[in-house]
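In what follows, a structure is listed as structure tokens, so that the remarks can point back to it.
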Amino acid sequence: MKKILNDPAAVVAQSLLGLAAAHPDLLRVTTDPAVVSRADGPRPGKVAVVSGGGSGHEPLHGGFVGPGMLDAACPGAVFTSPTPDQIQAAVSRVDGGAGVLLLVKNYTGDVLNFETAAELLAADGVDVRTVLIDDDVAVRDSLYTAGRRGVGATVLVEKVVGAAAEAGADLATCERVARAAVAGARSMGIALTAPTVPHVGEPSFTLADDEMEVGIGIHGEPGRRRERLTDADGVVAALLEPVLADLPFAAGDEVLLFTNSMGGTPLLELYLAHGIAEQSLVDKGITVTRRLVGPYVTSLEMQGMSLTLLRLDDELTRLWDAPVRTAALRWGA
Amino acid sequence: MGCDARAVAAAVRAAAAVVTAHRDELVRLDQAIGDGDHGENLKRGFGFVVQALDESTPDTPGAVLKLVATTLISKVGGAAGPLYGTAFLRAATAVGDATELTPELVAKALRAALEGVVARGKAEVGDKTMVDALAPAAEVGSLAAAATAAERGAESTIPLVARKGRASYLGERAIGHQDPGARSTALVLRAFAEAAS
Ligand SMILES: Nc1ncnc2c1ncn2[C@@H]1O[C@H](COP(=O)(O)OP(=O)(O)O)[C@@H](O)[C@H]1O
Ligand SMILES: [Mg+2]
């Protein structure tokens, strides 16, 4: 394992201190418990939007804390969901009295820990609602699985809900926006290499030079199947087809196309893939009206990418365009 | 030997040592069908449990179990944190404020632990989870028999497709691998059984 690292057990805390040092105007960070919150929070009368999850997906979630997006994030250990105490601490730091919306990626660990936290918060009189994000079409949503995973759509949901909350929407409205965004978003990812978790020290799986893992999540878990690595056209088709078929997206739809790097794929390759994806959507009569390209929902140093499509209406478009000022996403503010 | 608070605390310390010794094995099992953190999660969690016991050993078995539960819930995260935490919390409630654990209380605690895990995680036997180890353990009379039943239960997960947790994302690819949570459950129960004998 080659990493810029002191102590694997301290990697999250030390990285958070660096995040705080890089954005003193924007963020307040504590490491015990690990919480990243808005420097200007709590905002009285504003719905607090809180998310969190395992570390290793940076800039998710801490990089999306700030005006127009999240009020707070609680980073767990690498690839491990945060604990109820951490979630409660995050909420107490930003609760402005207008209710709290928890945005949770659909993984058993995240669901159980956020569920426990929500019960404890409700017992303390906090008006708390939870919306699960489950956009990964690689996993069949059936009785026989833990349900689809939350992946790329997370950043899109956090952005539009954060915009709604910033504009003064009440808790019910924020929840409705979150559910609308989740309902209209689908994703799929592939990996060319595996990530190495610092406290494990070796890659989570091994792939031969001519192989790709199709239908991966963001935790170094193996994917649905292993295939021969194709060219970029083939990779984009392997991602786009199941995404389009699942919702399904259809000619005439307006969409946001999010082309995401898993951490190790350079922008040179990512833009190449994005261009192919745009063209193939044009060919299908689907209009891309908004886009996001970059490493936003990563899996440590994994090479690979995911495509997320979000069907847009006027409200979601307006919320996407609204000002945002965070470490990783900034416009209009 | 009576099974008072000190004996229960000693058994918990023994379980912590076993989990720590098997950390790498549990990590490898979880790498195969999950995300590779189970061994680290439990090692970290039980490390905090030992720390908490060093600071103060509560004076009833139930209070010891409750301390284990709250520490695991607040320190572990992941699926295992709330599930193990709930198991210990229900066990603590089941034994109440008894000052010594009888075999009947141990059996009652195991059944309560199973009910708690099922209530939280909604898994059934055969879903390839820790329930496959805990359910057979909750059906037998003694801790030693429970440990043996849990070991068999953990091994029974090898040919299964998972229907809960991260391993369920893998479909057929989970076949041939032992569930890490079932394995750790068997390890913990074996450590308890040996400490009690
Ligand atoms: N719904 C569930 N019910 C019971 N046990 C579960 C459930 N989901 C997962 N598990 C157990 O949790 C174990 C994984 O724990 P761990 O790796 O620590 O957490 P995570 O899955 O969040 O990475 C699995 O091996 C399985 O035994
Ligand atoms: Mg795991």
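No value in this document is a laboratory result; all are computed from the given coordinates. Here the structure is a predicted model, which is why all the values come from computation and not from measurement. Virtual Cβ from ideal backbone geometry, glycine too; neighbours counted across all protein chains shown.
Of note:
- Along the axis of the charge dipole computed for chain B (Cβ charges of +1 for Lys and Arg, -1 for Asp and Glu, origin at the Cα centre), the listed residues B:Leu42, B:Val68, B:Thr102 are led at the positive end by B:Leu42.
- With respect to chain B, whose longest principal axis is taken over its alpha-carbon atoms, helix B:61-75 is tilted by about 40°.
- A:Met1-A:Tyr271 FRET efficiency (beta carbon distance; Förster radius 25 Å; 0.05 resolution): 0.25
- A Cβ-based charge dipole, computed about the Cα centre of the protein assembly as shown with Lys and Arg at +1 and Asp and Glu at -1, lands at about 300 debye.
- Sequence of A:Leu272, A:Leu256, A:Leu329 once ranked by neighbouring C-beta atoms within 10 Å, starting from the fewest: A:Leu272, A:Leu329, A:Leu256
- Förster radius 30 Å - calculated FRET efficiency between B:Ala98 and A:Asp127, Cβ distance, rounded to 0.05: 0.15
- Counting Lys and Arg as +1 and Asp and Glu as -1 over every other residue whose Cβ lies under 15 Å from the Cβ of A:Cys174, the net charge comes to -1.
- Per residue, chain B reaches -22000 deg cm²/dmol at 222 nm when only DSSP H runs of four or more residues are counted, each adding -39500 (n - 2.57).
- Net charge in the neighbourhood of A:Phe249 (other residues with Cβ under 12 Å of its Cβ; Lys, Arg +1, Asp, Glu -1) is -1.
- DSSP assigns beta bridges within chain A; of those with both partners inside it, close to 55 percent run antiparallel.
- Farthest positive-ward along the stretch A:91-168 dipole, Cα basis, beta-carbon charges - from A:Ala153, A:Leu102, A:Ala167: A:Ala153
- Each DSSP beta bridge with both residues in the stretch A:185-320 is either parallel or antiparallel, and the antiparallel ones are about 75%.
- When each of A:Lys2/B:Lys164; A:Lys159/A:Lys284; A:Lys105/B:Lys66; A:Lys46/B:Lys75; B:Lys43/B:Lys75; A:Lys105/B:Lys43 is checked by Cα-Cα distance, pairs over 22 Å: A:Lys2/B:Lys164; A:Lys159/A:Lys284; A:Lys105/B:Lys66; A:Lys46/B:Lys75; A:Lys105/B:Lys43
- Proxy reagent accessibility, fewest Cβ within 10 Å first, across A:His274, A:His57: A:His274, A:His57
- The calculated FRET efficiency for the pair B:Ser56 and A:Thr31, based on their C-beta separation and a Förster distance of 41 Å, comes to about 0.95.
- Per-residue Cβ neighbour rank within 10 angstrom, fewest leading, A:Val139, B:Val49, A:Val151: A:Val139, B:Val49, A:Val151
- Student exercise, the stretch A:10-181 dipole from Lys, Arg, Asp, Glu Cβ charges, in Debye to nearest 20: 260
- Taking the charge dipole of the stretch A:185-320 about its Cα centre, with +1 at Lys and Arg Cβ atoms and -1 at Asp and Glu Cβ atoms, the residue from A:Thr196, A:Thr308, A:Thr265 reaching farthest to the positive side is A:Thr308.
- Degrees separating the helix B:103-121 axis from the principal Cα axis of chain B, which is the longest one: 40
- For the stretch B:5-196, a crude dipole built from +1 on the beta carbon of Lys and Arg and -1 on the beta carbon of Asp and Glu, taken about the Cα centre, is about 280 debye to the nearest 20.
- Shape category assigned to chain A from the gyration tensor of Cα positions, a/c cut at 1.5: oblate
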